[in-house]
Amino acid sequence: MFRLTLDNFLEKAKKSVLFTSPSLENDLTEFLEEHTDRIKKLASMTLEKGFKQIYWVGSGNSWCNLYSGDYILNKMTDLPSAYYKSYDFIWTNPARLGEDSLVILASFSGNTEDTAAALRFANEKGATTISFTSKSDSILAREADEAIVYNSNALFILPLAGAFIFALEIARLQGRDVSKLFEQLQAMPRILGKIYKEEEKRVARLAIKYRDYDLFYVLSSASAYAIGYKFGLTVFMENMRVNASFMETSEFRHGPAEMFDGHKPLLVFLVGTDESRDMSERVIKIAQSNGSEVIRFDAKDYGDFDPLFAPFLLMVPLQWFAVYSAYYRGIFDLDERVLMGRGKMSTGSQITWP
């Protein structure tokens, strides 16, 4: 492909499905205005109907954006909640799945093979189903009992916000004071817009500095766990075409650290402000003392927010890093795929992904 100038590349990138940061401030504002009340009503319905189990189900990025819902429910409520990848949900066939359970699913296209199968499996079991999808004419929109259709490319942040609203409202209805968390959620659009404008130059320098590295380990924990998975596996490998892996930060000490004896990979740490922060600092010191290069993205750098908001705050700088890294590695179309979306890895009527 003809090499684009950086300016032309960035202009094109800002229209990409990968690079949603340019529109997050507006899109998240619209999502909160349009869907907050309805999602809160679904939370109220959940308690009124006496559901005994909540399941969060998705694949790839859409598995990651539901993690916070499960995390908040388990941290702040007594409502049992479990978190599954789509086919794992089917293969496990949870004994508790039935008419008294609620299954919340996400798929950007709404036609992801794995998640469409999980939706139909849940429906067959008699569960009530809620979907988050961008496409109103999709399987997830048509076949779920309730569909939140957001009509935006912000495939991570908007379902993440929906999961936040649902779980926080459950906590509120059970007597937890979450007013400050709802206030901070309302502030997120403006904050994300600010981070988008301020972080570009700093992160671009990191992309240039590490342009020749082809092995990345991404480490995160607790509230930042899933966004680490997202970037380690569904962005760095998918969009930057590098070798990458994701590890939960504390688990790095249980075996992986021994590879320092022969290899010096680039370690990307996503550092939260919750109880996992001390462990992140410890592992960063281990990495640096053994000669490994470290990139640190720290939620603390973006303001005094509850630790739960780490995935919101870290999303934009990580996207800037992926965009600039793609360019310096000769990838000029962020939406082009070699295998995904071409019918090579999916099967079934109306299925479009992967």
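The values are calculated or read from the model by the stated rules, or taken from the named source; none is laboratory data. Model, not experiment: these values are computed from the prediction. Cβ atoms come from the backbone with ideal geometry, glycine included; neighbour counts cover every protein chain shown. In case anyone asks, the SASA skips ligands and DNA or RNA and just uses the protein heavy atoms, side chains included. Shrake-Rupley method; radii C 1.70, N 1.55, O 1.52, S 1.80 Å.
Descriptive notes on the structure:
- In region 126-170, of all residues being more than 23 Å from GLU25 (Cβ to Cβ), in a strand (DSSP E or B) and in contact with a helix residue (DSSP H, G or I) (Cβ under 8 Å, 6 or more places away or on another chain), the one that is most open to solvent (accessible area, probe 1.4 Å) corresponds to GLU146.
- Meets criteria (more than 21 Å from TYR150 (Cβ to Cβ), free of Cβ contacts under 8 Å to residues at least 60 places away in the same chain, of a type in the set (Asp, Glu) and open to solvent by 60 Å² or more (accessible area, probe 1.4 Å)) for GLU99: yes
- Single residue of region 276-329 satisfying the filter (in a helix (DSSP H, G or I) and hydroxyl-bearing (Ser, Thr, Tyr)) that is surrounded by the fewest Cβ atoms within 10 Å (Cβ to Cβ): SER289
Table: residues versus (1) hydroxyl-bearing (Ser, Thr, Tyr); (2) more than 18 Å from LEU270 (Cβ to Cβ); (3) open to solvent by less than 60 Å² (accessible area, probe 1.4 Å).
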| position | (1), (2), (3) |
| --- | --- |
| LEU173 | no, yes, no |
| VAL178 | no, yes, yes |
| LEU185 | no, yes, yes |
| PRO189 | no, yes, yes |
| GLU200 | no, yes, yes |
| SER221 | yes, no, yes |
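- Scanning region 5-56 for residues that are under 23 Å from the mean Cα position of the chain (by Cα), within 26 Å of LEU181 (Cα to Cα), aliphatic (A, V, I, L, M) and part of a helix (DSSP H, G or I) yields LEU24, LEU28, LEU32, ILE39, LEU42, ALA43.
- Total residues in region 171-183, condition in a helix (DSSP H, G or I) and of a type in the set (Lys, Arg): 2
- Some residue of region 233-240 being under 19 Å from GLY58 (Cα atoms), at pLDDT below 95 and among the acidic types (Asp, Glu): yes
- If only residues of region 104-125 that are under 27 Å from LYS15 (Cβ atoms) and assigned to a helix (DSSP H, G or I) are counted, the one that is most open to solvent (accessible area, probe 1.4 Å) is GLU113.
- Among the residues listed as PHE19, PHE89, the single one being aromatic (Phe, Trp, Tyr), under 30 Å from ALA326 (Cα atoms) and open to solvent by less than 60 Å² (accessible area, probe 1.4 Å): PHE19
- Residue within region 309-320 that is over 20 Å from VAL203 (Cβ atoms) and either among the aromatic types (Phe, Trp, Tyr) or touching a residue at least 24 places away in the same chain (Cβ under 8 Å) (or both) present: no
- The residues of region 59-108 that are acidic (Asp, Glu) and more than 19 Å from ILE170 (Cβ to Cβ), listed by number, are ASP88, GLU99.
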